[in-house]
Structure formats: structure tokens, C-alpha cells
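Trainee: Could you have a look at this structure, given as C-alpha cells, before my questions?
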Number of protein chains: 4
Amino acid sequence: MKRIGVLTGGGDAPGLNAVIRAVVKTAKNDYGCEVLGIRDSYDGFLMPDGVFPLGHRDVRGILPRGGTILGTANRGNPYARKVMRDGKEEVVDVSNDIIKAIKDLKLDALVVIGGDGTLRFAHDMFLRGVPVVGVPKTIDNDIHGTEVSFGFDTALNIATDAIDRLHTTAESHQRAMVVELMGRDAGFITLHSGVAGGADVILIPEIPFKWETVARKVLERRERGSLFTILAVSEGAKPADGDASYNRAGDEMYVPRLGGIGQKVGEFLERSGIETRVTVLGHVQRGGTPSAFDRWLATRYGSAAVRVAAQGHFDRMVTLMNGRITDMPLMDAIAIPKRVDVNGEAVLTARGVGISFGDE
Amino acid sequence: MKRIGVLTGGGDAPGLNAVIRAVVKTAKNDYGCEVLGIRDSYDGFLMPDGVFPLGHRDVRGILPRGGTILGTANRGNPYARKVMRDGKEEVVDVSNDIIKAIKDLKLDALVVIGGDGTLRFAHDMFLRGVPVVGVPKTIDNDIHGTEVSFGFDTALNIATDAIDRLHTTAESHQRAMVVELMGRDAGFITLHSGVAGGADVILIPEIPFKWETVARKVLERRERGSLFTILAVSEGAKPADGDASYNRAGDEMYVPRLGGIGQKVGEFLERSGIETRVTVLGHVQRGGTPSAFDRWLATRYGSAAVRVAAQGHFDRMVTLMNGRITDMPLMDAIAIPKRVDVNGEAVLTARGVGISFGDE
Amino acid sequence: MKRIGVLTGGGDAPGLNAVIRAVVKTAKNDYGCEVLGIRDSYDGFLMPDGVFPLGHRDVRGILPRGGTILGTANRGNPYARKVMRDGKEEVVDVSNDIIKAIKDLKLDALVVIGGDGTLRFAHDMFLRGVPVVGVPKTIDNDIHGTEVSFGFDTALNIATDAIDRLHTTAESHQRAMVVELMGRDAGFITLHSGVAGGADVILIPEIPFKWETVARKVLERRERGSLFTILAVSEGAKPADGDASYNRAGDEMYVPRLGGIGQKVGEFLERSGIETRVTVLGHVQRGGTPSAFDRWLATRYGSAAVRVAAQGHFDRMVTLMNGRITDMPLMDAIAIPKRVDVNGEAVLTARGVGISFGDE
Amino acid sequence: MKRIGVLTGGGDAPGLNAVIRAVVKTAKNDYGCEVLGIRDSYDGFLMPDGVFPLGHRDVRGILPRGGTILGTANRGNPYARKVMRDGKEEVVDVSNDIIKAIKDLKLDALVVIGGDGTLRFAHDMFLRGVPVVGVPKTIDNDIHGTEVSFGFDTALNIATDAIDRLHTTAESHQRAMVVELMGRDAGFITLHSGVAGGADVILIPEIPFKWETVARKVLERRERGSLFTILAVSEGAKPADGDASYNRAGDEMYVPRLGGIGQKVGEFLERSGIETRVTVLGHVQRGGTPSAFDRWLATRYGSAAVRVAAQGHFDRMVTLMNGRITDMPLMDAIAIPKRVDVNGEAVLTARGVGISFGDE
């Protein structure tokens, strides 16, 4: 193994730099191998200066930093490129150009760090002759093939810290506090941080909630003397009964205004006579220095990816399974998305400690 | 001095418990004085069990905790109480009841920890014979009579940490990031944390902004190769030119939808062709463990309030002036609200390091 | 199941309160069961007021708090008690008294949260008729039967944060920085935080180090232009060649003075002409608010322990195996202590990213 | 003003990079001025590549980073240089070379960021014709001319967080916990963080302590039912009665072994029959990301230094006085070191909340 490439694709996740650093250090220290960095996901292959050598000096000090020194891209399809032709925008297929560019680099391996989308294209490239090794990046923890990936633990700590802070201020003021957290399709961040932070209500995409139940939970707590309620809400949480609902105050139909689900829940509670405040954490959850666990896992992934490549195993993804780093076929890893098991031990635990999912 | 009371009023601020603890410990240790806690601001005086003895044991372990063990109230007027009379809600004046209840307790001093509103009523009570000493609580730093109060530093650290985290993810993705921070009338939190976090644009109530300027700043940065922009926006930031504006893309009139100003700025940027994400930190800024500075200042305030009371000085507020703890007449302290000096050294510094206030 | 007891034994670990809270809430919510708290590990059974009812109110707000509301004890043998007899201290066996006290309480289950030592006595009690369920507590991660337990992740974050901070100051000053971390017999904390923090040298109990190699590594880094070195040292790290060694400066025999191994390493480096500073983190690693992961795991453990008890399964320990909460026979879980696999993937990864274990 | 230089000297302090960044940005944005960075304090003037242009790009992203991108030096005398002459080490005076090198650079101003020592040489250089402006750097807060400088607040937060963590573990285990903090001559860090963290005993250089009193305090607390004691000890704390003392257990003379004062206090307590653990925070207090306050202050200092230089005022130091940024003659600022006022309001407050200084 003489030369490998590395790129990062998709959304940001704390730990990307730690993977890159481990790839560079392991490849150089253990295999004496040259490493090329590719800028902005697959785009770098077709970009001037989009491919450049990565040495020890380039990765110095990046371990504790969020973001990615390689840049990334978050568009759907790296093969599709918009060009202007005769004054009109047109989409052209650049897949052949990318494949050719990669082959011209004579890479012994291409380490692709990315989510579902990015890894699917890695698999396609493998089919077209590129020796790819995948590293899963999923801050939402929704890739089936790995128990957990880097970034998730950092997001949990940030979300849990926010819930902690809301607790003290909610306690003093007798309010409902809604915090909208990441998770469009999978509720892991909200479930874990909701339990860790001691939220009272958790709304996740996997368990459709009822507007009335949510308001009733808050009012029941009030009647029992708990004068505040913390609601942790995934951005992808969905009401079972649609957006329209009856206002608690009377019969009037209530149609929440546009806006994130966090704000909608807040507005519904206010209309039900409950003073409410809303926090939308947003991208704060994706940035900043990775937690110790995320750096440790990311470093192991990066190192393992180099070893898998050195063994000549391609079209595979490194993964954490049963507490160990191993690897598995790329498509097996990403074929089925991972979701919160609505009847599993975690949800059972949450219900046991008194948390409502708004579905009763 | 044989018996003093202590209460907390208004919004939450990290450090309230540290003041209460210092009042209790100093009164007992240095003056052998009994301390009574009053629940839920002035409401406790008319509440069953609303007044109760506070001992060393009650304040054990509360130093690092956010919130207030006394509870608080955040309504406008403690003298006004809603009652039901003949099936109708009526507002009655309970000021005489409160004053009588206080006098019946035979307090040698009443330490009132609160903001502008709470302290005004403390002054009124003094005029009616209650020996009050005030402790300023202003997370927004908008009380004229003190250089700074507790809670502000904690809010700054939380806001700055959020901006730090947005930086790394904005860098990776070439986006604008809007973070809405506390500050309805005073922009100190946004100004200080914006400078400390390295924001590119800061919008505060004291400096009305122009929609076009804000968008232009983001685009100019893009043209100069800085592919992201962080905008720190006070919840009270206001456009100079009203809510309506022209969309950058064309001539079409743009009227931002309802919602916080952070979201409006985000929507305007999106319409101007700039991919944008919005974070609304909300009450996360008011809760949680106070910073070291806030605990230190809060402890000094609580101690000083007891000493001022022991000297028989009332209708005064403890304050931090010229780096020292001192005290001044209550009404002098709160008569004029404090605002960011738009031509002062701090704003000058911010502009010097390249920050735009959206007013050029 | 009508009545269960819960106690915490051994050293402190962030997450103990989260386990207690989950036991109380799950037992009450899901099984309508009474919960008794036992003070100071097994000592509470023989103490006045050492056993007391635990309700929802008692566990309110304890989720984010370090320590244990039940207290603990860290002596070797709970059965042995020192008494004064005829003016002389004598050790008497109180095991029968403890067993009798437990039986008199008519517990349907006793949840024992503790490490190796505490759990061995739980097993003994089972043999004498007490229906015990164990919850593993091991901040050092050295219990074979579980992939990880609560407290470890928090310790990692604290240790990694300390290493991060040493980095910046070491960089500015061209020094070696030694940080002594927890781990008398197992080096997991030092290994994981050393990798996560980017330490250059890691010394752990499982890999005896050579004095000369450690000094050489620092000097080699200096020659290559890296003007600082971070050394993460387990408190149980041991030199392969004994405490005596040659000073680099000459032939003179060097015998490090008494003191922790961190200080010894520091003194050796200083004598080798390397300016060095030493940090001893100590119990800072065991205290404070648990990380999100630790609260999440602790809550699941507490909940699972109640479910195991409700199924009438005793002499078992709840555990995290293959990423899932399950349970196994107590003695199987603790029979073999867990140690860092010196030839395993984790050490291989650490070496790959350029870390020395001082053994070359 | 066409060209200015900037250097950092002395020990590390979080916020150095924020000053450098503000100097560069303000000089370029507001004055169109070139900025030269000098490496490793004054040493850079005589070093190959020791002086180099600093642009916007060089200071990008350094605001949240500890350390200094310019490097520093912490030797006593920058004018003295060791050289080998005839096989012997000799110290030569290079002051003329440095002054000449500076003059050859034709700097309109040299911004010197440093402590007492570094600033004294800046004054000397001014006397020899160099247009210097000083920025105070004192993590210990011991420069008379400024209320506070950057780095101090960060150190306080780190120290306070450590004390918080020790609290929970001390509570669970009935121990004394000693934490040794920075402060060789001035006890501000220990005093402020001790009060903020709720320490029970604070030992600082300004108030010599008695061994017996320290042990008595711990035992008194124990008798009153507080089963733990936290002792915050400055590295420069000194016993009033010398290192020798009587052991509590009997008449035997106790002479603490060598080691830091934290360890000595720990050993004395152990010998007095009190189980004790010792933490030595060390350089962890000087590193890592600066707090919001420190970044804010550092930015204002850097900006102000450029403005002072632009006005042609030299031999002056920027300072925070009475809550405002101003400037004063360099030698006035550093002539008298600042120490804790042993009869001042801060110590009075600490005693009022029940803290012992070991001097009763």
C-alpha cells in the first residue's frame, strides 16, 4: 500500500478530524504510506487543488477540533453537477470524470467518511473499480451496521447540558420548557438525552404523539405539585392526529402556525393555558470539540480503516459491533436504517422512570 | 439585628442561591441573627407556609446550583392580586396586607434580591416603613447602578460556547448561522459573547440594523473567501427600516413571517440565496450552575447586604462600582436603565476587529 | 414484589444517584413496590436510622449530581467490625447480625450497587438467603462481566479535558507535562483519555515501562521539532527495571524519592534535563455531574435491576454486553478482573497514531 | 502608523491569542497598518525567521485557543544569552543586538504582552528608544495597575470546577480533600475559587497558617456532623510555625517530607487521623480555551493597545480600571505587586460564610 486518499462527506459531526488524523498517522507510521486529502467530499476530485498531500504537520492539533479540515458537501448526488449551457442551467453527469480522476491518482485505497448517502456512492464507485473503505458518520445514530458512531456522544452531552440548565430555570418559574433537538427520522438523541437530563415528556419520530396527551401530562404534573415540565422534542416528532387540534380552552379548532415542531408544541401548550418557553438547539449540537468517547472511537475507526485497506479488503465499512471494532460489507451496513425500537428496553426504561412519549 | 428576611423576585439568574447562602451564613456566623426565607418573591408573605426559617442545613450544597430555593415570581405587580368575586375575576390591591404581614414578622431587615421591577417595590415598601436592602439581579446587565451583576457572566459563557460550536460546523458547510440570544432592551450579552465567540455580525437593540446591510455583509464575506458567517442576534434587535424589505433575488417585496427576530433574520438570508440555520438558545442561558465569577460576586453581594443592614442603612442597594463592593440609594441605582453605549469603547473594539452591526 | 432495598458500596463513581433514582422510580411506577434505602453500604443495616423509605420526592433532582445520597463505605470487609473490649480494640464478625437484620426487613430483593469487593459480599449474602441483584460500579472499567460501567465515561471526559489544557500550555513553553490519572491495576482511563487527548506517552499498569525509554521518547520528539511532550501516567504504572535508574546526565545512580508515580516520572525527566510539570488529578476524576452516557447507562442499570428482581432472578448482575443490557451470574461477572489487552486493537491503534508505552 | 510588532512573554495565560488577534485586526482594519509577529518573546528579534508578517489569515480561528501562536519564553533576562566560548558556557549581554534589531525593523510601535518581568524590559527598551505599549498578562492577578487581566477568570473556572467535583466525592466518603492551586505569591485564585467552590479552609501566601488550626478545623467540622472538608491551598501557602509540627496523635515531632505544600497538608492531616486525598491541578489551570470574559477582555486590550500606539503614547500599559479600559505609565502599573488585602472585604466575606484561613 503506497498511496491512499481520504475524504469526508455529508453533515458535520464532532470527530471527523480525529478520523482523518488517525488515517494519516496510522498509514504513515505503520505502513509508510502516502496520504492524499480530498476537499469537499467527492467534489475535490474535479476541483483545482482539490487533492493534496496530508502529512503529520497537517493533522497536528486537530484532534480536539470540531468540523473537518477537508471540508465536506451535503448535496444529494455528487455525480450530478449544475452547469450553465446556452444561458440555461443544466444538470450533467460527471460520474465518469470522477472515476477517471480517482483512477489517475492510482490510489491503493480511498477512505470515505460519511453517512448513508455518501457511503452509497462509495459502494457505486467500488463497483466501478475504486478500492473504497467506508467509515460511518451518523450523528443521529441511524446506521444499522454500527452500534454507535462518533459525534452522537458529543451531541448527547450538549443536549443533556441544555436540559439540565432548563431544569433549574423551570423549577424557579413554574413553566413548561420545550427543547427541540436533532433527529429528523431517528429519535436516539432525544431519547438518550431526555432520559439523561430527566425530561418529563419525550417526543420522537418513531412514536407519534397526541396533542391532548402532551398537554394533559403537563397539567397532571402541575396537579401533583410538580410545577414545571421539560419536554424534549425531536425535530422529526410527528403528531398522530395531524397538525390540527382542539384548543384546551374551548372548542375552537387550533391549527399551529408554520415553524419547527418545537415551536408548535410550545404554541399548543401556551394555548392550553401553560406558560411555555422554547429552545431550538440546532447546529450547536453538531459542532465544537468532540467528547472523549467520540475522539477515542473516531481514532479507532481511522486506524481500523487503514488496516482493512492494507489487508486488501474493499467495499467494506468499519463498525463497532458488540463493543469491538470490526468491518462488514458496506451495503449490509447501510441497507436498513436504524430506528428506536418502540418496544425495546430503552423505551421501557424511559417509561419506567416516568417519562411520557405523548402516546397514551 | 435579630431577625432578617430574604426573598428573590423576577426572572431566574444563576447565582441567586449563592446570594441566599451568603445572607444566611453571614447573618448567622457574624451576627448571630435569625434568617427567614420568603417564598415566591413577595407572594410568600400572604401564603400559608410562605415564610420559614433558613438555617445552615438549608443552604448546604446550593452554591453550585442554578435557580432559587426560595422560588420567585415574575408578574408585574406584587400588590395586585386576582380574585374571583361573584363569578368574575377582579384585581384587588393587597399592598396593605403585605406591609402588615412584613411588620408582624418584626424583621430588622428585608433583603430583596431582584431586578428593576422587584426593587422598585422594595423602595415603595421602605417608604411604608419596611427596612429593605436591595441586591441587584440582572442577567442582561441593564441596571445602571452596578458594573455587572451575577448571572451575566454565566450567560456569556453559555452563549459563547454555542457560538464556538456553530463556528466549526459553519466552517465545514459554507453556511450562515444565526443564534438568537437574550436581551430584550439591552444588547450586552450579544455584544460580549459575539466578540468573545468571534461572530461576524452582531445585531442589538441599541443599534437598529438594515436588512440589506446584513445580507450584504454575508455576501461580501463569501466573495472574500470566508465561506461562512456567524450572526449573533439579540431577541430585541430591531430593523431600522421596518419588517418589510426587498428580497435580494429580485424586486418582490419581502415580509418576514411572525416569529422571533432570529428566525426572521434566518428567513431573510435564505431568501437572499444564503443557506442558513437558526439556533434559539432561550432559557438555557438563564439556568444551570453559575460560573466562578458569578458565585464569587453573588457571595460578596449577600455578605455585603447583611453588613449594610447591620449598620442600619436601608433603602440602599449593594453594588459593584469601580471594582469594589459598595452600596448606594436604591432609586439612584435603578432610575436609569443601562444600555450599550453605541459610540463607546466596546462597540469601537467590536468594529475594529471587523464585526458589523448591520448599520452601515 | 412488595419491598426492595438498595445500597451503594465502595468508591465514588458519577452515576450512583442515577441508578438509585431509576430503582426507586421503576419499582414504584412499574411494580407499585416500596423501596428502602440503606445508608453507608452494608453498615446501614446495623445503624440507627440506617434503613429508611425512599420515595419519588427523595430522588427528585439527583440525576445530575455526583456522589450518592445513600452514602457508601470503602472498607475491606463489611462483616468485620472494630469494637472496644476491655480497653482493647478487637475485630468481631457481625455477619450474622447483618443477615438477620436484612431478613427482618422482609425484602423481596436487595439491589447492591458496588464494585468487585462489595459484590463478592452480595454473593455471600445470597448463599445465606438474601435475594440480591448486583449493579456493577467500576470507574476503572475493570469488571470482566460488563463492557463498561457508569462513571468511566465521566472520568474519561475530565481526564481528556485536562490533557487538552496541558497541550496548549506545553506548546507555548517547550516542556514535558506529566498528568497522573486513576487506575491502580487497570489502565483503561489512561489509555482511552491518552488517545482521546493526544498524549505522546502513555504509561499503564499492564505495560511495564523503562525509565530510559520514556526520557528518550521526549528527547526524540524534541529533536524532531516537537518541543513539548504530554505523558499520561496511570497511578499504578510500574517501571520494568525497578525504581532505580541511571540519570541521563551521567553515571550517577538515580533513586526517585517517595511520592506518586507521576511525580517520580516528572523528577526523572527533570534530572534528564527536560523541564517538566506534574498534575495529579486525583479524586477530581470521581466527582461531579455524570456525563450523558453515564446517566443513561446508570438509569438503564437501575431499571433493569428492578426487572431482574421482579422476575425472581437473584445472585445475578446486570451488565452491558454486546451493546445490550442483560444479566449474568454475579460470580461469573466478577471472577476475573478485566485488564487492558496489551496486544489488542486498542493498544495497536494507540501505537499506530504514534503513542509510546515506554516499553520499546 | 505603518508598521507595528507584537510579542508575548512569560508564562502561559488563556487569552494571549485573543490579544494577538485583536492587535492584528484592529491595526489592519482601522489603521491600514502592517503587523509583524515576533517569536518566543524577545528572542525572536535575534532568531532566523523570528520576525514575520501577521495577516488576517494567520489569526483566523485562534480566538478560542489557549497558548500563543507566537510562542513565549520564560527565562529571567532576555538580554542575557548563554553562548559556548572556548568550550565553556558564558553569558553575554545581547541587549544592544536586540535594540538594534528592533530599530532596523522601523516599527512605529511594539506591543509587548507579558507579566511583570517582560514589561520591565519593555520599559528599559523604551528608555533606549523603542516605542513600546504594554498589555498586562497575569494569571495570578498580581499586577497592581489593573483590576484584573485575562487568564485569571479561566483559571478560576477550572479551579472551581475541580472543587465542585471534589465536593461530591468527599461527601460520599467522609474525607478531607486537599486541592493545590496556582499562586506562588498572591492567593487570588485560591481565595476566589475557594469561595466560589465552597471550600471550608483556604490557605494563601498572604495569611500564614498554623498546622494545628488546620487539623482542628477539620475535626471540628467532623464533630458538628459535616463529614468532609475541602481545603483549597495556594502553591505558595506558608505555615506560620515552620515546617515542623506536633502530630495530633501524640508528642512525636512531625516533619513533613519534601513535596508541594498541598501534599504536605495532606500528609499532616493523615497523621492527624484524617483520611485525606490530594489533587495538584498544576498547569491545567493555565491552558485550554479562555472563558468568555477572558476573550472579551483580551480583545479589548489588544484593540486598545493599537489605539494607544496610534496616538503616539508610549511607555504605557493598557489596563482595566474602574471597569473601563484605559492606560497608564508602564512603571506605575507594575511597580508594586498586588496582594490579597488580608483585612479587606473579600477576606471578610470569606470568613463570614464560614471559611477558615487556618490562622485562628
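Trainee: With the Cα gyration tensor of the protein assembly as shown giving a ≥ b ≥ c as the square roots of its eigenvalues, does the rule (a/c under 1.5 for rounded; else a/b larger than b/c for prolate; else oblate) give rounded, prolate or oblate?
Mentor: It comes out rounded by the Cα gyration axes.
Trainee: Another question about this same structure. What are the ³J(HN,Hα) values, in whole Hz, obtained from phi via the Karplus relation 6.51 cos²θ - 1.76 cosθ + 1.60 with θ = phi - 60°, for each residue of segment B:38-50 in sequence order, with x given for Gly and Pro?
Mentor: Computed from phi, the couplings for segment B:38-50 are 10, 7, 6, 6, 5, 4, x, 5, 10, 10, x, 6, x Hz.
Trainee: Under a plain spin-label model, where a point goes 7 Å from the Cα along Cα-to-Cβ, how far apart in nm are D:K2 and B:K88?
Mentor: 8.3
Trainee: As I understand it, the value is the acute angle between the Cα axis of helix A:188-197 and the longest principal axis of the Cα atoms of chain A; what does it come to in degrees, rounded to 10?
Mentor: Helix A:188-197 and the main axis of chain A meet at about 50 degrees.
Trainee: Something else about it: In percent, what relative contact order does chain A have, based on Cα pairs under 8 Å that are 6 or more apart in sequence?
Mentor: 22
Trainee: Determine ³J(HN,Hα), in whole Hz, for all residues of segment C:120-137 in sequence, where each value follows from phi through the Karplus function 6.51 cos²θ - 1.76 cosθ + 1.60 and θ = phi - 60°; x replaces Gly and Pro.
Mentor: 4, 5, 4, 4, 4, 5, 4, 4, 9, x, 9, x, 9, 10, x, 10, x, 10
Trainee: Can you list residues whose amide H is under 5 Å from D:T68's amide H, if they're 5+ apart or on another chain and H is modeled 1.01 Å from N?
Mentor: Amide H neighbours of D:T68, under 5 Å, 5+ apart: C:S172.
Trainee: Something else about it: What ratio of Cα Rg to 2.2 N^0.38 Å holds for segment A:1-148?
Mentor: 1.04
Trainee: Taking the beta-carbon count within 10 Å as an exposure proxy, list A:H283, D:H56, D:H123 from fewest neighbours to most.
Mentor: Taking fewest neighbouring Cβ atoms as first place, the list is D:H56, D:H123, A:H283.
Trainee: Take the alpha carbon gyration tensor of segment B:261-360, find the square roots of its eigenvalues, order them as a ≥ b ≥ c, and report rounded if a/c is under 1.5; if not, report prolate when a/b exceeds b/c, else oblate.
Mentor: Because a/c hits 1.5 or more and a/b exceeds b/c, segment B:261-360 counts as prolate.
Trainee: Further question: With a ≥ b ≥ c taken as the square roots of the eigenvalues of the C-alpha gyration tensor of chain D, please select rounded if a/c is under 1.5 and otherwise prolate if a/b is larger than b/c or oblate if it is not?
Mentor: prolate
Trainee: For B:F209, what residues show an amide H to amide H distance below 5 Å, using hydrogens built from the backbone and excluding near sequence neighbours?
Mentor: Those qualifying (amide H under 5 Å, at least 5 residues apart or on another chain) are B:K238, B:A240.
Trainee: Nearest the rotation axis from C to A, which residue of chain C has its beta carbon, and at what whole-angstrom distance?
Mentor: C:N322, 2
Trainee: Quick one: what are the phi-derived ³J(HN,Hα) couplings along segment C:163-174, Karplus 6.51/-1.76/1.60 with θ = phi - 60°, whole Hz, x for glycine and proline?
Mentor: Here the 3J(HN,Hα) series is 5, 3, 5, 5, 3, 5, 7, 5, 4, 6, 10, 6 Hz.
Trainee: Would you mind pulling out the separation of the Cα centroids of segment B:174-200 and segment D:45-72, in Å?
Mentor: Between the Cα centre of segment B:174-200 and that of segment D:45-72, the gap is 27 Å.
Trainee: A further question follows. Quick one: if you stick a label point 7 Å off each Cα along the C-beta vector at B:D97 and C:R224, how many nm between them?
Mentor: Here the modelled spin labels are 7.7 nm apart.
Taken together, the values in this text are just the output of simple stated rules run on the coordinates, not laboratory data. In this text the structure is predicted, and so the values were computed from the model without any measurement. Note that we place each Cβ from the backbone using ideal geometry, even for glycine, and neighbour counts take in every protein chain shown.
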